[in-house]
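Undergrad: Please read through the structure below; I'll follow up with questions.
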């Protein structure tokens, strides 16, 4: 569909149906909907902390914040040679953030944004959209902290869309579309809070 026809309300309705938008490239004005046959999710009690990540978390090297630089995280995620995050998509997620429906976790090294993750929260479901890292382990630190926030807030579903080897190494798993829809329906019937 034409990106200009996509509104925050249509975007939220898509998530409720189990689909999500992507663009072919940063400059593509069009957006298409994706409904994977196999879906990646993070069991909220299954995040794997390796010894090296545990050392990083204990080191105090990074400072972590939530919703302090949402657009900075979106732009960091789009800083790739090939990206599905077009200007239209970035604007839509910023609009959802302004309504309190999209959230980010920022990881800072000094005053520099070193990594982060962002996504959309509806009911007790969190739809992880993208993450980035400018320093080793920064995106893993962001995932660790956002999962802690989701668990504390009563979320029951963390959708990662696809399962990558990187996410699998951290504990993410893959489920079929039917099982995903069942879990999504259950999560949408519940309430959770991203902000304590």
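The values are calculated or read from the model by the stated rules, or taken from the named source; none is laboratory data. Small disclaimer: the values here were computed from a predicted structure and weren't measured. Glycine also receives a Cβ, built like all others from the backbone with ideal geometry; neighbour counts cover every protein chain displayed.
Undergrad: What are the residues in region 145-189 that are in contact with a helix residue (DSSP H, G or I) (Cβ under 8 Å, 6 or more places away or on another chain) and either without any contact (Cβ under 8 Å) to a residue 40 or more places away in the chain or on the phi > 0 side of the Ramachandran plot (or both), if any?
TA: If the condition is that a residue be in contact with a helix residue (DSSP H, G or I) (Cβ under 8 Å, 6 or more places away or on another chain) and either without any contact (Cβ under 8 Å) to a residue 40 or more places away in the chain or on the phi > 0 side of the Ramachandran plot (or both), then no residue fits.
Undergrad: Within region 114-122, does at least one residue satisfy the condition of being touching a residue at least 60 places away in the same chain (Cβ under 8 Å) and over 11 Å from the mean Cα position of the chain (by Cα)? Before the answer, list the steps.
TA: Start the filter on region 114-122 by keeping residues that are touching a residue at least 60 places away in the same chain (Cβ under 8 Å), which leaves 120-122.
With over 11 Å from the mean Cα position of the chain (by Cα) added as a condition, the list becomes 122.
Checking region 114-122: at least one residue is touching a residue at least 60 places away in the same chain (Cβ under 8 Å) and over 11 Å from the mean Cα position of the chain (by Cα).
Undergrad: Can you find, within region 22-40, the residue that is surrounded by the most Cβ atoms within 10 Å (Cβ to Cβ) among those that are in contact with a strand residue (DSSP E or B) (Cβ under 6 Å, 6 or more places away or on another chain) and in contact (Cβ under 8 Å) with a residue 60 or more places away in the chain?
TA: 39
Undergrad: Another question about this same structure. With the condition being farther than 28 Å from residue 176 by Cα, I'd like the helices (runs of 4 or more DSSP H) fully within region 1-97 carrying at least 2 qualifying residues. Lay out the reasoning, then the answer.
TA: On the way: elements: 8-17, 51-59, 70-78.
In region 1-97, 51-59, 70-78 are the helices (runs of 4 or more DSSP H) which contain 2 or more residues that are farther than 28 Å from residue 176 by Cα.
Undergrad: Here's something else I'd like to know. Would you check which residues across region 53-92 are at pLDDT below 95, more than 20 Å from residue 135 (Cβ to Cβ) and surrounded by 14 or more Cβ atoms within 10 Å (Cβ to Cβ) and list them?
TA: 84, 85, 86, 87, 88, 89, 90, 91, 92
Undergrad: Something else: Among the residues of region 98-113, which ones are outside any loop (DSSP other than H, G, I, E, B) and farther than 15 Å from residue 67 by Cα?
TA: Of region 98-113, the ones outside any loop (DSSP other than H, G, I, E, B) are 98, 102-109, 112-113.
109, 112 - these are the residues of region 98-113 that are outside any loop (DSSP other than H, G, I, E, B) and farther than 15 Å from residue 67 by Cα.
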